[in-house]
């Protein structure tokens, strides 16, 4: 009998484990508050812009609380879906410009009038189009970012590199010089390239004339990462990574952020976003002393076509108002405050490209950040299908790169299966 | 059930005899009859609310096409058994099922073997060491999974991990920048070690509690008769502890079959397909591909498989309970 009780208790414990699921919800304090979801980037990189926007908003709406909830890129969409299902969406949400299409197509955002928002006539066209679906505006451009090579001037000098490379061939030769000079240290990379950084790999693909996927005349999408141009580019990419990089081949550029091993002297260069420059000194990031900055420089990644740059991914973020938000008008006013010239200037100075061309020259005289603006002269963007987010979420490009770089699959085989998967996901009914 | 013997049939009281008994007042009868049901009612209500309703809802969802569009409108699209036919014809799904079963078998056997060995060690130890070891086990058991995984993932970190540093310092080989997850086998070894490590304390303490109840006379008698320690363990200890082993194995199967957190966190929330178990497959389908209907179908198939796998053990457990 004792045993039976024991069994019953044990079973109940097991069932409880089966049944337990994590749930989260945003607590709504009162009607007089506005809930904002923005990414942690703002918290780490430009808290001043948030503070300025909140101050301006509260001047306009005294007594209304601003509830800023910082989100992480890994989980924000899951949380947003859960909030939509529970009718508990925030009043403002930040999404990446490659994520908006899925949500606009599904009707997750309320439509907006561009003329109600500051600088809307000079918005970056790339960001504006990521907010437009069937001719209507569903979100407001927030900021964009370009990538460039961040490097160690002292190491380049010691390796005998006198002038910055202006072609890919020269760049690769310089990388080999660096490996020769410093490569005995087993932790050193001439160019630190996390294997799953698909933004970098796609930059190579685009430079050699390939694309991730294309839309055909009948409207259907087709994965084209196995095209001859893409296969050639990825073969070059693979040989480059194996020669110049000792970064993990199974991790992406956020694990760890390259700025951290960069600050520890483990590399001569990496391909990074503008905000990764200040992150080298951020106490939570690289935590390098300010004097380290003298050794740092940046330049756009040179193309295999002499005199050009490799196209950079024009990433960015937008701010939308969910269709089920409770305080849409307050949300719109907060967005107006946050995307006004004052906050956008702070955001740009933190290493980003502001949402308006009016602020294009904010960093022109900053030797650290000007190269990123120059790099954005040539750019690429992800396929504009509403299902693209599902391709990103399936991590199939990251897994393709790991398979290629660890020699688990040939470039041809890995790209072929990735293209097939992309075609399936992009054409799925949503 | 064997057919009843005539003697057993005769033992059934004659209904007429019963009816001639003086009747107890109705209320008393009701009260005594209803009491057990009343007592069990709260538990049933709780189980119904936290388990029954979600299961029902999931079953309903698995018969619908339910994507982001439907989620925003709170209105699914009925498609019958299409989700099920899709997964049953999907080679990858069966691959994941087999992988999950293989992982469960490996993790459960390792947990049971090491758990039992450590329990046997505990019996042999002196008081001080036993307290020390028990405390260590309790600490492992009390560590939240998320914390434990974070610690492990730092230990095997590619760039800054202590495992690579230590193995290189000990001249085991050049483990500088060794990537533990580059090969699927080595990655699964880490994950299995992590899961087994977390599960051992419970098994050890249970088996140890059982071992202290094994009558000394039995062991002494067997030893006097010339039985080796292994023989004593096999023929005296194991049969006596069988009920405990059966329960521990069935619980371990349930836990390891649905392992999720360890794999999810150590692979940064983006496990590649070769690390998919059924729970991860169901989760990514639902929450990353926004195919909630399909995800529910996978989860329900998982529940059914789990029921089949653990049925044998649960039946065994019920049998043991009845025998007492």
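The values are calculated or read from the model by the stated rules, or taken from the named source; none is laboratory data. Remember, predicted model here, so these are calculated numbers, not experimental data. For neighbour counting, all protein chains shown are included, and Cβ atoms are generated from backbone atoms with ideal geometry for every residue, glycine included.
Hey, could you check the range A:404-413 for residues that are without any contact (Cβ under 8 Å) to a residue 40 or more places away in the chain and at negative phi and say which is farthest from the other protein chains (Cβ to nearest Cβ)?
My answer is A:410.
Quick one: in the range B:270-306, which of the residues that are in a loop (DSSP other than H, G, I, E, B), within 12 Å of another protein chain (Cβ to nearest Cβ) and in contact (Cβ under 8 Å) with a residue 60 or more places away in the chain is nearest to residue A:251 (Cα to Cα)?
B:276
Taking the condition of being more than 22 Å from residue A:69 (Cβ to Cβ) and away from chain B (no Cβ under 14 Å), how many residues in the range A:99-116 meet it?
Of the residues in that region, 5 qualify.
Test of understanding: among A:156, A:133, A:138, which residue is in contact with a strand residue (DSSP E or B) (Cβ under 7 Å, 6 or more places away or on another chain) and either within 14 Å of chain B (Cβ to nearest Cβ) or surrounded by 15 or more Cβ atoms within 10 Å (Cβ to Cβ) (or both)?
Numbers: A:156 fails: in contact with a strand residue (DSSP E or B) (Cβ under 7 Å, 6 or more places away or on another chain); A:133 fails: in contact with a strand residue (DSSP E or B) (Cβ under 7 Å, 6 or more places away or on another chain).
Just a single option satisfies the conditions, and that option is A:138.
I'd like to check something: does the range A:311-323 contain any residue that is under 17 Å from residue A:44 (Cα atoms), touching a residue at least 24 places away in the same chain (Cβ under 8 Å) and touching a helix residue (DSSP H, G or I) at 6+ places or on another chain (Cβ under 6 Å)?
yes
May I ask you to verify whether residue A:202 is surrounded by fewer than 23 Cβ atoms within 10 Å (Cβ to Cβ), closer than 13 Å to residue A:383 by Cβ and within 23 Å of the chain's Cα centre (by Cα)?
It is false that residue A:202 is surrounded by fewer than 23 Cβ atoms within 10 Å (Cβ to Cβ), closer than 13 Å to residue A:383 by Cβ and within 23 Å of the chain's Cα centre (by Cα).
Is it fair to say residue A:361 is modelled with pLDDT under 95 and in the same structural domain as residue A:249 (by TED's automatic domain parsing)?
Judged against the criteria, residue A:361 is not a match.
For the range B:212-230, what are the residues that are part of a helix (DSSP H, G or I) and loosely packed, with under 13 Cβ neighbours inside 10 Å?
Residues satisfying the conditions are B:216, B:217, B:220, B:224, B:229, B:230.
Go through the residues of the range A:313-322 one by one and say whether even a single one is at pLDDT 90 or above, closer than 16 Å to residue A:139 by Cβ, part of a helix (DSSP H, G or I) and not assigned by TED's automatic domain parsing to the domain that holds residue A:210.
no
Give the residue that is surrounded by the most Cβ atoms within 10 Å (Cβ to Cβ), with candidates limited to residues of the range B:166-197 that are part of a helix (DSSP H, G or I) and within 13 Å of another protein chain (Cβ to nearest Cβ).
We begin by selecting, within the range B:166-197, every residue part of a helix (DSSP H, G or I); these are B:166-169, B:184-197.
Then keep just the ones that are within 13 Å of another protein chain (Cβ to nearest Cβ); that gives B:168, B:184-187, B:190.
Numbers: B:168: 16, B:184: 12, B:185: 7, B:186: 14, B:187: 22, B:190: 18.
If we take residues in the range B:166-197 being part of a helix (DSSP H, G or I) and within 13 Å of another protein chain (Cβ to nearest Cβ), then B:187 is surrounded by the most Cβ atoms within 10 Å (Cβ to Cβ).
Of the residues that sit in the range A:409-430 and are modelled with pLDDT of 90 or more and not in a helix (DSSP H, G or I), which one is farthest from residue B:264 (Cα to Cα)?
Among residues in the range A:409-430 that are modelled with pLDDT of 90 or more and not in a helix (DSSP H, G or I), the one farthest from residue B:264 (Cα to Cα) is A:410.
Is it the case, given these coordinates, that residue B:160 is outside any helix (DSSP H, G or I) and in contact with a helix residue (DSSP H, G or I) (Cβ under 6 Å, 6 or more places away or on another chain)?
Details: outside any helix (DSSP H, G or I): yes; in contact with a helix residue (DSSP H, G or I) (Cβ under 6 Å, 6 or more places away or on another chain): no.
Spelling it out, it is not the case that residue B:160 is outside any helix (DSSP H, G or I) and in contact with a helix residue (DSSP H, G or I) (Cβ under 6 Å, 6 or more places away or on another chain).
Among what's in the range B:53-74 and is within 12 Å of chain A (Cβ to nearest Cβ) and out of contact with any helix residue (DSSP H, G or I) (no Cβ under 9 Å at 6 or more places or on another chain), pick the residue that is nearest to residue A:103 (Cα to Cα). Let's see the steps before the verdict.
The initial filter retains those residues of the range B:53-74 that are within 12 Å of chain A (Cβ to nearest Cβ), namely B:53-55, B:57-58, B:61, B:65-74.
Those left that are additionally out of contact with any helix residue (DSSP H, G or I) (no Cβ under 9 Å at 6 or more places or on another chain): B:53, B:73.
Working: B:53: 29, B:73: 13 Å.
Out of the qualifying residues, it is B:73.
Against the conditions (1) buried (at least 16 other Cβ atoms within 10 Å of the Cβ); (2) over 15 Å from residue A:357 (Cβ atoms), where does residue A:119 fall short? Just the number, please.
(2)
Taking the range A:62-79 as the search range and keeping residues that are in contact (Cβ under 8 Å) with a residue 60 or more places away in the chain and surrounded by 19 or more Cβ atoms within 10 Å (Cβ to Cβ), which one is nearest to the other protein chains (Cβ to nearest Cβ)?
By that ranking, first place goes to A:77.
Given B:233, B:245, which one is assigned to a helix (DSSP H, G or I) and within 14 Å of chain A (Cβ to nearest Cβ)?
On the way: B:233 fails: within 14 Å of chain A (Cβ to nearest Cβ).
Result of the check over B:233, B:245: B:245.
Being part of a strand (DSSP E or B), touching a residue at least 24 places away in the same chain (Cβ under 8 Å) and buried (at least 21 other Cβ atoms within 10 Å of the Cβ) narrows it down to one of A:298, A:332, so name that one.
A:298
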